[in-house]
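A short worksheet on the structure shown next.
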Amino acid sequence: MAYDLSKTAPTTSELANLIPINAKANTLLGPLEALEFPLLSPVDLQCIKACGVTFASSALERVIEEASRGNAGNALKVRERIEAQISSSLRKVVPGSTEAQALKEILIENHLWSQYLEVAIGPYAEVFTKAPVLSTVGPHAEVGIRSDSKWNNPEPEIVLVINARGEAIGATLGNDVNLRDLEGRSALLLGKAKDNNASCAIGPLIRLFDDDFTLSHIRESEVDLLIEGKDGFRLEGKSNMSDISREPLDLVSQTLSEHQYPDGFALFLGTMFTPVKDRDVKGEGFTHKVGDVVKISNSYLGVLSNTVTTSANAKPWTIGIAEFYKNLSLRGLI
């Protein structure tokens, strides 16, 4: 059943500080599936943070992108060389350990070191700001790739929801859209690659942690991906969270670090999805086409489905914090 909790807290950011919530003390809206309005992203004022290269497979992909200079046409030859030389080593070490430091020295000596390997096996995780507040899209909305990107893919991830006290209070699903060509040219293009109109989808709902759903369930979860194109192309993938190289709460701690988040944050934990299935050209792997339907699913968190468009053509982001609070005021919620 769905309840209107706006009288309890006007924002999900504030609601996250009030766990546990007595939903039945609020206004009953009826069965969720019977609601006649679309679901928005379930986060509002929270900062959107994301972790990169938290799986060995994603670390390899970043190194391949970098060595390919962001050119998909170079990827096959680079992939064969990189996987043969460093794949097995990456999967065996714990980030930040003595063994990881020893591996780093060997890779440097053999001219195989990369800035991405630093965050893959070094003591510090990669944590970046994906998007400002109120800028995420929800289920069934269009998700955007830059119109000038020629090599890109979805990134299906589990997203932890953290309150103002730094506590993980629940989880949801997310699509951290990835532009492989831009970031592959230079890591300094991360902002241009990751933070664009409609480039971040979250949903369908936040499931709160309780006795029946805990972080242990997250640690052993599988995340499924299905992409279906108008051209008949179909791609399926699966990520197992048990393969993550860093403990989720360590990623939360590293995000907090010497920083405060008074409105809380939503933290993408990273993906192991590697889009290597060729779509159009042999050896160039996958890239999106407008109209692709991306479905990310998990047995605990439901399904997040979005249709791909360009960031230039996606619905413009027009409601900022001032407009949002004006709306809350007009509704008598603040």
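The values are calculated or read from the model by the stated rules, or taken from the named source; none is laboratory data. Just so it is clear, the structure is predicted and the values come from calculations on it, not from any experiment. Virtual Cβ from ideal backbone geometry, glycine too; neighbours counted across all protein chains shown.
See the values below:
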{"item": "Residue count for the range 1-34, restricted to those that are in a helix (DSSP H, G or I) and either among the acidic types (Asp, Glu) or closer than 13 Å to Leu205 by Cβ (or both)", "result": "6"}
{"item": "Matching residues, the range 263-286, being assigned to a loop (DSSP other than H, G, I, E, B) and under 20 Å from Cys51 (Cα atoms)", "result": "Asp263, Gly264, Leu269, Gly270, Thr271, Met272, Phe273, Thr274, Pro275"}
{"item": "Qualifying residue in the range 179-197 (condition: more than 17 Å from the chain's Cα centre (by Cα) and either under 19 Å from Glu14 (Cα atoms) or assigned to a loop (DSSP other than H, G, I, E, B) (or both))", "result": "yes"}
{"item": "Considering residues of the range 239-275 that are charged (D, E, K, R) and surrounded by 12 or more Cβ atoms within 10 Å (Cβ to Cβ) only, the residue farthest from Ala16 (Cα to Cα)", "result": "Asp243"}
{"item": "Selected residue [at pLDDT 95 or above, within 30 Å of Phe37 (Cβ to Cβ), crowded, with 19+ Cβ neighbours inside 10 Å and among the small types (Gly, Ala, Ser)] from Gly203, Gly229", "result": "Gly203"}
{"item": "The range 133-151, residues that are touching a helix residue (DSSP H, G or I) at 6+ places or on another chain (Cβ under 9 Å) and either surrounded by fewer than 24 Cβ atoms within 10 Å (Cβ to Cβ) or on the phi > 0 side of the Ramachandran plot (or both)", "result": "Val133, Leu134, Arg146, Asp148, Ser149, Lys150"}
{"item": "Residue within the range 240-252 that is assigned to a strand (DSSP E or B), out of contact with any Lys or Arg (no Cβ under 8 Å at 6 or more places or on another chain) and at pLDDT below 95 present", "result": "yes"}
{"item": "Complete set of residues in the range 83-114 that are within 22 Å of Pro248 (Cα to Cα), modelled with pLDDT of 85 or more and either out of contact with any helix residue (DSSP H, G or I) (no Cβ under 6 Å at 6 or more places or on another chain) or of a type outside the set (A, V, I, L, M) (or both)", "result": "Val94, Pro95, Gly96, Ser97, Thr98, Glu99, Gln101"}
{"item": "Candidate set from the range 266-280 (those that are among the aliphatic types (A, V, I, L, M) and within 13 Å of Glu157 (Cα to Cα)); member that is modelled with the lowest pLDDT", "result": "Met272"}
{"item": "Residue tally, condition of a type outside the set (D, E, K, R), part of a loop (DSSP other than H, G, I, E, B) and closer than 23 Å to Glu236 by Cβ, over the range 139-175", "result": "6"}
{"item": "Residue within the range 119-127 that is within 20 Å of Ser199 (Cβ to Cβ) and either touching a Leu at 6+ places or on another chain (Cβ under 8 Å) or not acidic (Asp, Glu) (or both) present", "result": "yes"}
{"item": "Single residue of Ile321, Ile296 found to be crowded, with 21+ Cβ neighbours inside 10 Å and not small (Gly, Ala, Ser)", "result": "Ile296"}
{"item": "For Leu76: the one exception among (1) within 26 Å of Val159 (Cβ to Cβ); (2) of a type in the set (A, V, I, L, M); (3) modelled with pLDDT under 80; (4) surrounded by fewer than 21 Cβ atoms within 10 Å (Cβ to Cβ)", "result": "(1)"}
{"item": "Sole residue being of a type in the set (Ser, Thr, Tyr) and within 25 Å of Gln46 (Cβ to Cβ), chosen from Ser253, Ser242", "result": "Ser253"}
{"item": "Identity of the residue in the range 162-200, within 22 Å of Val223 (Cβ to Cβ) and of a type in the set (Lys, Arg), that ends up surrounded by the fewest Cβ atoms within 10 Å (Cβ to Cβ)", "result": "Lys194"}
